[in-house]
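Below is one structure, written out as structure tokens; comments come after it.
Please treat every number below as a calculation from the coordinates, not as lab data. From a predicted model like this one, the values you see are computed outputs, not experimental measurements. As a convention, Cβ positions derive from the backbone with ideal geometry for all residues, glycine included, and neighbour counts pool all protein chains shown.
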Amino acid sequence: MKIYYNYRFYKYLWSLSQSDESTSSSSKTKLNIFSSLTSLTEGMLIKFAKTMLLTFLDIRGIVHYEFVPTGQTVNQVYYLDVLKRLREKVRRKRAELFANNSWILHHDNAPVHTALSVREFVATKQITLLEHPAYSPDLAPSDFFLFPKTEEILKGRHFDDIDDIRINTKAAPKAIPQNQYQTFLKGGLGAVIGA
């Protein structure tokens with residue numbers, strides 16, 4: 001069974017009404033998933049928050065996901081820690097695949113994924129890799145299925161702070177029925193992009 005990896009930068013719009021400066025900070029700030037600037041009104045002070053979500057999914061749903069801590073760069077050291085956590089999640093959530101080492105990891109050719117320490121870890125732990133075609137950054141299943149579905153679930157909702165966004169963003173993929181993961185991954189990317 002293949003486990004697909006991808007990440008998404010989520011940009012959030014943090015709007016603070018300038019005309020309501022007498023109220024407390026917590027009551028006048030709201031965060032929303034940023035989609036366009038067309039809905040902004042005059043008199044709004046705009047700030048953006050950005051966070052990165054790493055996801056690993058298979059035909060049965062999410063295997064592992066985590067937000068990258070604010071200010072953290074995803075380098076080979078950090079990614080090795082992510083792979084260790086992923087391996088543990090596979091051991092707990094997909095025990096039959098872990099036991100007979102029949103799970104396959106797919107990630108792209110980003111330098112962090114092809115670093116020597118990452119390749120050595122993958123080889124030492126006997127993790128099978130599905131090779132990613134060179135110069136094909138847009139073949140990640142998450143881009144065509146998971147992230148659009150998550151954004152659809154969260155669209156138009158308001159959140160109180162980044163932690164609230166993270167909690168809801170982690171919960172959204174759980175709301176996607178397993179049969180949708182199956183339909184998408186069995187049908188292939190061609191079915192989704194109309195190829």
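Packing around the peptides 106-112, 178-184, taken as the average count of other Cβ atoms within 10 Å per residue, puts them in this order, highest first: 106-112, 178-184. Residue by residue, the range 154-159 carries 3J(HN,Hα) couplings of 8, 4, x, 7, 10, 10 Hz when phi is fed to the Karplus relation 6.51 cos²θ - 1.76 cosθ + 1.60 (θ = phi - 60°); x denotes Gly or Pro.
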